[in-house]
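The values are calculated or read from the model by the stated rules, or taken from the named source; none is laboratory data. On a predicted model such as this, the values are computed, not experimentally measured, just so you know. Heads up, the Cβs are rebuilt from the backbone with ideal geometry, glycines too, and the neighbour counts pull from every protein chain shown.
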Amino acid sequence: MKQNFRKFSALFLVLVLAVLSFAACSGGKNKDDNSVTIGTLDLVNGDLIAQYEDWYAKELGVDVKIIRFDSGKDINSAIASGGIDIGQEGTSPAALAIANDIDVEVFWVADVIGSAETLVAKKDSGIKTIKDLKGKKVATPFASTAHYSLLNALKQNGVAETDVELLDLQPDDIFATWQRNDIDAAYVWYPVLDNLLADGVVVTDSAQLAEQGVITADVNVVRRAYAEAHPEVVQKFVELQLRANDIINKQPDIAAQDISKKLEIEEADAAKQLKSFSYLDAAQQIEQLDNVFAQVLKDTADFLVEQKSIKSAPDLETFQSKVTSEFVKAASK
Amino acid sequence: MKKKGFTIERVLTIATVVLIFLAWFGLTATGAFSETIIPSPKSVLESLVDVSQNGYKGHTLLQHLGTSLKRLIIAYGLVIVTAVPLGLLSGYNSKVQAILDPIIEFYRPLPPLAYYTILVLWMGIDEGSKLALLFLAGFAPVYIACVAGVKRIKEDYIYGAETLGANKWQIFFYVIIPAALTDVFTGLRTALGVEYTTLVAAEMVAATAGMGWLVLDASNYLRSDIVFMGVIIMGITGILLDRLIQFIEKRIVHWKGRT
Amino acid sequence: MSESWKEKLYEPSDELIAVENVNYEGPEPIVEGEGTPEEELITIDHVDLSYDGNTGPIKALEDINFNIFPGEFICVLGPSGCGKSTLLKILAGFIAPTTGTVKLEGEEIEGTDWHRGVVFQHPPLYNWYSVRKNVGFGPKVRGLPKEEYEPLVDEYLEKVGLSEFAEKKIYELSGGMQQRVSIARALINNPEILLMDEPFGALDALTRESVQDLTRKIWWETGKTIFFITHDVEEALLLASRIIVLSRHPGRVIEDIHVDFSRQIVEENATDIKFTEEFYKYREQLLRLINSQ
C-alpha cells in the first residue's frame, strides 16, 4: 500500500507540473515568432476594408491570422491569454482591459460612434424622451459601449437606473423580444438597429451623447509585449488603417462597396452605416490619442466603478501611459 | 470496504483538494499571473464577503442563489412529473415509445443555446423561456434512463407477476416502476448536473439575478474574483443537491446494491 | 380432494428401465398414463417448438406427447440444452408451441394466468416489498379483500416455515429462504398446477435438501400437481411420482416412468432411501440414459 501511495504521489506531482507548465506556456508566444494574430469584430470601419482588400496578408510582412470574435469581452480574454496580438474593441472593453491590468496599448481609433448606436423606442410605447423611460423595459448588451451610453444618458437626465427595467440582451435576442413586444426600447447597433427603426422612434444616439461629452469609440489595442517585439508590424498595420480611412472619407462609394461585399449586405446599407461613424485622419488621430482618449477611457472606467462593475480604476496617468500615438506618428511620416 | 475514518481513499481525496488549494495559493503568490487570469484566494474570499454583505448589482448573494435554485427546482419538478412517467411508459409500451422517441432523439443532442432564441421568441424573456430551457435540458436524460431502466428489468419479474394474476397496469405500478427506480434515480442525478450546466445559458438572456447571470455579468467586466466565487458556490451547491438526491434515493430504493 | 389420487399414482407399478432404452432412437416416445380424458389435468399433444437461429430455424422440442394427471409430481430430467425449461415455458404460457396444442382441463393454454403458478430458478421476488407483501401479491392483484387474504398469507408463511420472517425485506433472506417465499407466493393462489423451473439449482447442498423436503411435504399434504424441471437425477428420484426424460437436441421424450421413493419417504419415513440398492439402480440407469445422449 505504501508503495502504491508513493507511486500515486509521484504521478500526481507530474500531473500538477504538467498543468503548471501548460499554463505557463500558453501565456504567450515565442518572441521570435514571425507572425501576427489579429482579432476582429467585423465592425464597420477601416479594418473591414483592409480585410476585404487582403492588405494584412499582402503587406504586413509576417504570417497573418485573423480571428473573428463576437464581443470586446472575448477580445480581452484572447489578449490576456496571449491568443491574439492585435485586437479591436469598444472603449468600454478597452477601459476594462486597462483597469484590469491587462498589458495592452491603445494605438488607433478605428471609429468614433455616432448614430451607429441608437436608443430606439417602440412607436406605440409613448416614449419620446429619456425621462419617459421610467418604468419601461429597456434592453442593451451589458458591458458594451451602448450600455455605457445608455447609462450615461439616464444619468444626465436624472433618471435613476433602478427606475428603469434594464435587460441584458444580445442584439439577436433584442430583435426577437422587440417583435414580441417584450421590451419598450433598446440601445443597440446595426444591423439589428435597422430592424428596430422600422417600427421605432429614435430617442437619442451616441452622436448626441458625444456632444455632451460621453464619447464612445472603437479602438485597436496591441499586446505590449508584441508591440515591443514587432513595432514595425504595428506601424504597418496603422498605415493600412490610415489608407482605409482615406478611402472611407474620400471615396465613400468604394468603401461602401468593399464593406458590402465583405459583410454580404446591401451597398446602400453599408453606405448608411459608414455615415453613422466618424473616421479620423492621421492628424485627428494624433490629436485624439494624445489629448482625449486617455480621458475617455478614464471616464469610462470611473463610470464602471460607479456602477460597481469593477473594483477600482487606475489614475489618469496610467491610462495616458496605455494610450499611444507613436505608431500613428511613425506611420504618417 | 466500509471502513470508518481514514481509509487510503479518503486520504487521497483530501490530499487532492489540499493540493489544488496549495497550487492555487502558490501560483497566485508568485505574482506571475494577473488577478484577471487567476485571482488569489484572498481576493476571492474578499469578493465573497463583499457580495454577501453588499450584494451584486441590486441583489444579495442569497437572492442570486435563491433565484437560480428556484428556477432549477421548478424545472426539475416539471421534469420529474413528466419525464419519469413518460419514460417508464415508453419503456413498457413500444407504441408510446414510437411516438416519443423521434422527438427526444432529435432535440437531445442539440446544444441548448441553439434553440434558446426560439424559446425566447415563443415564450418571451421572462421566467417561461428560462424554465423551458432548463426543463428540456433535464427531460432527455431522465426519459432515457427511465426507458433503459424498464428495458433492463428481467422478464421473469414480469412473468412472475403475470402468473400471480396481475394485469398490465398492476404490473406497471407494482413491478415496473419500483424495479426501474434505481435507473430513474441515476437519470435524475444526471439531469440535475445537466440542468446545472444549462443554468448559465438560461440566465444569459434578460436575467437580472441568478448565479449564472452573476458569473456572466462579472465575466463581462473581467471580475475573475467574482467569477471564481460564483463558480465555487455553484460547485458546492451542486454537490449538496446531488447528495440530497442520493439521500432521498437511499430512503426510497432501500434495496439498491443489496440484491 | 379425496385421497384416491395417491393410490392411482403408483399403479401400474413400473419395472426398472429397460437397458435397451439406453440407445433409444425409435420414433415413438413412450407415453404413460392412460387415464380417461376427465382425469387429465393437462394434455400435451404433438408439441413442436422451433426458434430462429443464425442459420435458420432450430428445433428445441420435437413431438412431445404426454398427459399430466391431478396430483402427480412430475420431474422432467434431461441434459442441459434439451429444452426442458422451454417445455415449462410453454405450460406456463410464456411462449406458444410452434405446432401442437397444450390444454388445461380441455382448454387450450393461451398466455399466462394464475391457475398455473411458477417457481423460477432465480426467484423474481420484489425487493421493494416485505416477505408478507410478496406472498400476498397474488391475492392482492386478483382483487381479494385484504382481510380475506391476510390470514392466507400467515397460513402459507407457516407452511414454508417463514412465519417469523414475515416483515423482513427480501434481501435480508438467504437464497433458500427466498425460494421458500417464492413457493408460498405461488401456492397462495391455489393454482391447478405448480410449475417449478430448476428451483433449487442455485442452492447449496444442505439448503437444497431442506427445501426438497419442504416441497415433498407440501405436495403430499396438499395433493397439488407439480411439474418440476431438474437436471439432477437424485433430486428427481427423491421428489417425483413420475419421471420424464428428454433427449438432447431436439428434446424428445425418451423415458416416462413412475417411481415411488418420494411416497416411501413421506409415508414410511424412509429417510435413508437413497442408500438402498433399488434407488441406486434407478439412479445409475437414468444417469446412463442421460449421459448416452
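When the stretch B:243-256 is filtered for residues that are of a type outside the set (Asp, Glu), under 23 Å from the mean Cα position of the chain (by Cα) and within 14 Å of another protein chain (Cβ to nearest Cβ), the ones remaining, listed by number, are B:Lys250, B:Arg251, B:Ile252, B:Val253, B:His254, B:Lys256. Select from the stretch B:53-69 the residues that are under 11 Å from B:Met211 (Cβ atoms) and not aliphatic (A, V, I, L, M) and list them in ascending order. The answer is B:Tyr56, B:His59, B:Gln63, B:His64, B:Gly66, B:Thr67, B:Ser68. With the condition kept exactly as written, say whether any residue in the stretch B:113-124 is surrounded by 14 or more Cβ atoms within 10 Å (Cβ to Cβ), touching a strand residue (DSSP E or B) at 6+ places or on another chain (Cβ under 9 Å) and closer than 22 Å to B:Val194 by Cα. For the stretch B:113-124, residues surrounded by 14 or more Cβ atoms within 10 Å (Cβ to Cβ), touching a strand residue (DSSP E or B) at 6+ places or on another chain (Cβ under 9 Å) and closer than 22 Å to B:Val194 by Cα: absent. Quick check on the stretch C:133-178: of everything there that is surrounded by fewer than 17 Cβ atoms within 10 Å (Cβ to Cβ) and under 22 Å from C:Glu198 (Cα atoms), which residue is farthest from the other protein chains (Cβ to nearest Cβ)? Once the filter is applied, the top-ranked residue is C:Gly161.
Can you name every residue in the stretch A:92-146 that is at positive phi and among the aliphatic types (A, V, I, L, M)?
Hit for the stretch A:92-146 is A:Ala143, nothing else.
The residue pairs whose first member lies in the stretch C:159-170 and is farther than 21 Å from C:Gln212 by Cα, whose second member is charged (D, E, K, R), and whose beta carbons are closer than 7 Å, counting only pairs six or more residues apart or on different chains, are C:Ala166/C:Arg132; C:Glu167/C:Arg132. Within the stretch B:151-170, if we keep just the residues that are more than 7 Å from chain C (Cβ to nearest Cβ) and surrounded by 17 or more Cβ atoms within 10 Å (Cβ to Cβ), the residue that is farthest from the chain's Cα centre (by Cα) turns out to be B:Ala161. A single member of A:Ile67, A:Ile75 is surrounded by 24 or more Cβ atoms within 10 Å (Cβ to Cβ) and either more than 20 Å from A:His147 (Cβ to Cβ) or at pLDDT 90 or above (or both), and it is A:Ile75. Meeting the requirement of 1 or more residues that are more than 13 Å from every other protein chain (Cβ to nearest Cβ) and not basic (Lys, Arg), the strands (runs of 3 or more DSSP E) wholly within the stretch C:68-131 are C:73-77, C:99-104. Evaluated against (1) in contact (Cβ under 8 Å) with a residue 60 or more places away in the chain; (2) closer than 23 Å to A:Lys73 by Cα, A:Ser332 falls short on exactly one condition, (2). Scanning the stretch B:46-79 for residues that are within 14 Å of another protein chain (Cβ to nearest Cβ), exposed (fewer than 14 other Cβ atoms within 10 Å of the Cβ) and among the aliphatic types (A, V, I, L, M) yields a single hit, B:Val49. Looking at A:Ala244, A:Ala225 in this structure, which one is part of a helix (DSSP H, G or I) and within 23 Å of A:Ser81 (Cα to Cα)? Of A:Ala244, A:Ala225, the one residue that is part of a helix (DSSP H, G or I) and within 23 Å of A:Ser81 (Cα to Cα) is A:Ala225.
Taking the criterion of being over 16 Å from B:Gly77 (Cβ atoms), within 14 Å of chain A (Cβ to nearest Cβ) and part of a helix (DSSP H, G or I), the residues of the stretch B:185-220 that qualify are B:Val200, B:Ala201, B:Gly212, B:Trp213, B:Leu214, B:Val215, B:Leu216, B:Asp217, B:Ala218, B:Ser219, B:Asn220.
Taken over the stretch B:127-147, the residue count meeting the criterion of being in contact with a Gly (Cβ under 7 Å, 6 or more places away or on another chain) and either modelled with pLDDT under 90 or not β-branched (Val, Ile, Thr) (or both) is 4. When A:Phe237, A:Phe303 are checked against the criterion of being closer than 17 Å to A:Pro93 by Cα, of a type in the set (Phe, Trp, Tyr) and in a helix (DSSP H, G or I), a single residue qualifies: A:Phe303.
Table: residues versus (1) at pLDDT 95 or above; (2) farther than 19 Å from B:Thr186 by Cα; (3) in a helix (DSSP H, G or I); (4) among the hydrophobic types (A, V, I, L, M, F, W, C).
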site	(1), (2), (3), (4)
B:Val51	no, yes, yes, yes
B:His64	no, yes, yes, no
B:Leu78	yes, no, yes, yes
B:Val81	yes, no, yes, yes
B:Gly91	no, no, yes, no
B:Ala98	no, yes, yes, yes
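The rows are residues; the columns are (1) surrounded by fewer than 22 Cβ atoms within 10 Å (Cβ to Cβ); (2) over 21 Å from the mean Cα position of the chain (by Cα); (3) not hydrophobic (A, V, I, L, M, F, W, C).
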site: A:Val192; (1), (2), (3): yes, no, no
site: A:Leu197; (1), (2), (3): yes, yes, no
site: A:Gly213; (1), (2), (3): yes, no, yes
site: A:Asp218; (1), (2), (3): no, no, yes
site: A:Val222; (1), (2), (3): no, no, no
site: A:Tyr226; (1), (2), (3): no, no, yes
site: A:Ala229; (1), (2), (3): yes, yes, no
site: A:Glu239; (1), (2), (3): yes, no, yes
site: A:Ala244; (1), (2), (3): no, no, no
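Tell me whether the stretch A:174-185 contains one or more residues that are away from chain B (no Cβ under 13 Å), buried (at least 20 other Cβ atoms within 10 Å of the Cβ) and in a strand (DSSP E or B). Step through it out loud before you land on a result.
Quick first cut of the stretch A:174-185, residues away from chain B (no Cβ under 13 Å) only: A:185.
Now narrow it down to the ones that are buried (at least 20 other Cβ atoms within 10 Å of the Cβ): A:185.
Filter once more, keeping what is in a strand (DSSP E or B): A:185.
Checking the stretch A:174-185: at least one residue is away from chain B (no Cβ under 13 Å), buried (at least 20 other Cβ atoms within 10 Å of the Cβ) and in a strand (DSSP E or B).
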